[in-house]
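Below: one structure, written as structure tokens.
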Amino acid sequence: MRVAVTGANGLLGGEAVARLAGHEVLALGRGPCRLAPGAFTWRDADLGDGRSVAAALREFGAQAVLHAGAATDVDGCERDPDLAWRVNVGGTEQVARACRALGARLVAVSTDYVFDGERGPYSEDDVPNPRGAYARSKRCGEEAALLLAPDCAVARVAVVYSGRPGAKSTFATQVVEKLSRGERVNAFSDQLVSTTLAASGAARCLELLLETSYRGVIHASDATVLDRVEFAGRIARRFGLEGEIVPVRTADVKLLAPRPLRAGLKVDRAAALLRHRPLAIDEALDRFHAEWAARPA
Ligand SMILES: NC(=O)c1ccc[n+]([C@@H]2O[C@H](COP(=O)([O-])OP(=O)(O)OC[C@H]3O[C@@H](n4cnc5c(N)ncnc54)[C@H](OP(=O)(O)O)[C@@H]3O)[C@@H](O)[C@H]2O)c1
């Protein structure tokens with residue numbers, strides 16, 4: 001099958017490309033390819049320019065598209081809401097229109113930030129209330145995908161992390177790196193979250209894309225909901241690291257964009273539908289640890 005992945009240099013998109021052996025794969029990203037060499041075609045295409053991603057999908061003749069590209073810097077989006085809108089809504093719109101024209105199946109990746117964080121964890125039936133430019137742009141991107149692409153699922157993930165070589169720095173990797181250097185780690189004690197090991201989330205998104213005809217929203221994070229102090233503590237224990245994890249309250253840190261506090265995603269639907277079930281946190285951290293151990297020294 002001809003499968004395209006946007007955001008292919010990203011945490012989730014990169015994992016997806018690595019898992020697509022046996023398919024004809026178009027990897028779309030901004031600028032040069034940062035992935036390990038593999039059997040895919042790379043194309044530099046900007047989700048914000050209104051044309052190039054759609055043109056690449058059409059030329060490739062995509063039959064299935066995992067749309068994982070997005071402006072993901074939450075405070076950066078708050079600083080530049082026009083860019084957030086252009087990439088996260090306009091970019092999703094052009095991907096969805098191209099899928100419609102091609103008759104291609106689409107899975108568009110979204111976020112727990114569509115919820116306000118008053119009463120999480122949330123199911124797919126809970127009503128979103130996005131706060132902040134990133135959150136609003138992702139919620140509108142969801143609607144664009146569902147409205148414009150007839151064969152579409154929206155897969156929401158949360159707090160994505162990866163231990164793979166070259167994967168971008170995240171809270172989880174910073175916990176490992178800081179504690180390894182003997183530095184203390186600040187962690188929000190009042191942010192309740194779901195987490196998503198990128199490999200685990202990518203496996204579910206691809207299964208959804210290629211092996212199901214599910215339409216609508218589905219929560220595709222891992223299974224455990226926990227606060228960030230607990231997340232950091234579990235990472236430290238799994239890596240055999242000691243050191244100080246300092247609980248911090250969100251309101252005491254100057255962040256530009258609002259953060260949902262009681263967030264988290266209920267994943268019963270994904271657990272019932274998919275072979276790649278949402279992982280419990282300790283199972284996810286075992287895999288994270290194995291990815292980390294395989295990094296070149
Ligand atoms: N990361 C999280 O914690 C998190 C949480 C909830 C939901 N999500 C959602 O999950 C999906 C995948 O994100 P991720 O975790 O893989 O984050 P990521 O590593 O930041 O990946 C996003 C990718 O999109 C690319 N991108 C950004 N602007 C672009 C543009 N104008 N044109 C083309 N590509 C562009 C980025 O390119 P560069 O690599 O060049 O920056 C990056 O590779 C997104 O829909 C995101 O909203 C992520």
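Nothing in this text is a laboratory measurement; each read-out follows from the coordinates by a stated rule. Just so it is clear, the structure is predicted and the values come from calculations on it, not from any experiment. Heads up, the Cβs are rebuilt from the backbone with ideal geometry, glycines too, and the neighbour counts pull from every protein chain shown.
Quick rundown of the values:
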quantity	calculated
Cα gyration tensor category, rounded, prolate or oblate, for region 224-271 with a/c compared to 1.5	oblate
Region 187-251, Cα convex hull volume normalised per residue, Å³	94
Kirkwood hydrodynamic radius of region 1-151, from inverse mean 1/r over distinct Cα pairs, in Å	15.5
Under Karplus coefficients 6.51, -1.76 and 1.60, residue-wise ³J(HN,Hα) of region 157-164 in Hz, glycine/proline x	10, 7, 6, 7, 8, 8, x, 5
Global geometry of region 163-297, whether rounded, prolate or oblate, following the gyration tensor of its Cα atoms and the 1.5 cut on a/c	oblate
Local electrostatic count, Val175, Cβ distance below 12 Å [Lys/Arg +1, Asp/Glu -1]	+3
Cut-off under 5 Å, modelled amide H: who pairs with Val65 long-range	Ala4, Arg105, Leu106, Val107
Using distinct alpha-carbon pairs, which all enter the 1/r mean, Kirkwood radius of region 120-232 in Å	15.9
Phi-based couplings in Hz for region 103-109 (Karplus 6.51, -1.76, 1.60; Gly and Pro marked x)	x, 8, 6, 10, 10, 9, 8
Contact order normalised by residue count of the chain, Cα under 8 Å, 6+ apart, percent	19
Calculated P(r) tail over 29 Å for the chain, as whole % of Cα pairs	30
Computed label-point distance, nm, for sites Ala36 and Ala55 using a 7 Å Cα→Cβ extension	3.3
